[in-house]
Amino acid sequence: MRPHRGFRYLACPTIPAILVMLMVARGAHGQEPVPVVGPQAPASVVTDAIPAPAPAAVSPFKVLISEVRLKRSAELALGFASARVAANGCGGLLSEFVDEQGQPLAARLETLRMSLQDYLHTVYFLDGSDLRSCRGPMAVTTPGSRVVYVCGGLVRQSHGDAWVTIIHEVLHSLGLAENPPSPAFISNRVRKLCH
């Protein structure tokens, strides 16, 4: 096969030679780094001068979502929720709401020997975009379940409100039923007591 007319072959050094030309080695007496050109560069320069890739940021929460925007939205909302809980513990929220047996949610956490802050880190957040129950809500769960399904709508929700959704669902995870109390009532109490 012939090259296209006008194509010129360029003398190209090999990839190792390019790497060696680009490497920077420290002089023997601690002088400033000097470029090392050619094959005289020691092998350790080639391996030592290439920085290791930075580790990926690891979320402190159990967000098992592959869709990038939804995962990022959930992690941001969890960060805001965690900060609100850490700042003021959300007042009497855990003693105001009760589980289906009539026990305050605070008692559930006492049984688990956890704070609400600690409990946030034990709940799994999964992609619920394909669930029928995710048509409308920002997230859904079943009372008592440590799995919260994050719905696609969370991406469109402002960061100022997404944390409310997270704490709302975590309360359900602790055993709070819904209707009664209504979803709006729960969210309003979260906003007021976790301000």
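The values are calculated or read from the model by the stated rules, or taken from the named source; none is laboratory data. All values derive from a computational prediction rather than experimental measurement. Don't worry about glycine lacking a Cβ; one is built from the backbone with ideal geometry, like all the others, and counts go over all protein chains shown.
Here is how the numbers come out for the structure above:
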{"quantity": "Only listed residue being crowded, with 21+ Cβ neighbours inside 10 Å and touching a residue at least 24 places away in the same chain (Cβ under 8 Å), chosen from S129, S73", "calculated": "S73"}
{"quantity": "Selection status of L193, at pLDDT 95 or above and among the aliphatic types (A, V, I, L, M)", "calculated": "no"}
{"quantity": "Region 109-120, subset surrounded by 14 or more Cβ atoms within 10 Å (Cβ to Cβ) and in contact with a Phe, Trp or Tyr (Cβ under 9 Å, 6 or more places away or on another chain), residue farthest from A87 (Cα to Cα)", "calculated": "L109"}
{"quantity": "In region 115-155, the residues that are aliphatic (A, V, I, L, M) and under 12 Å from S173 (Cβ atoms)", "calculated": "L116, L120, V123, A139, V140, V147, V148"}
{"quantity": "Residue check, A139 of a type in the set (G, A, S) and either touching a Leu at 6+ places or on another chain (Cβ under 6 Å) or buried (at least 19 other Cβ atoms within 10 Å of the Cβ) (or both)", "calculated": "yes"}
{"quantity": "Residue within region 161-181 that is outside any helix (DSSP H, G or I), at pLDDT below 95, among the polar types (S, T, N, Q) and more than 18 Å from the chain's Cα centre (by Cα) present", "calculated": "yes"}
{"quantity": "So Q101, is it exposed (fewer than 10 other Cβ atoms within 10 Å of the Cβ), modelled with pLDDT under 95 and either in the same structural domain as D130 (by TED's automatic domain parsing) or assigned to a helix (DSSP H, G or I) (or both)", "calculated": "yes"}
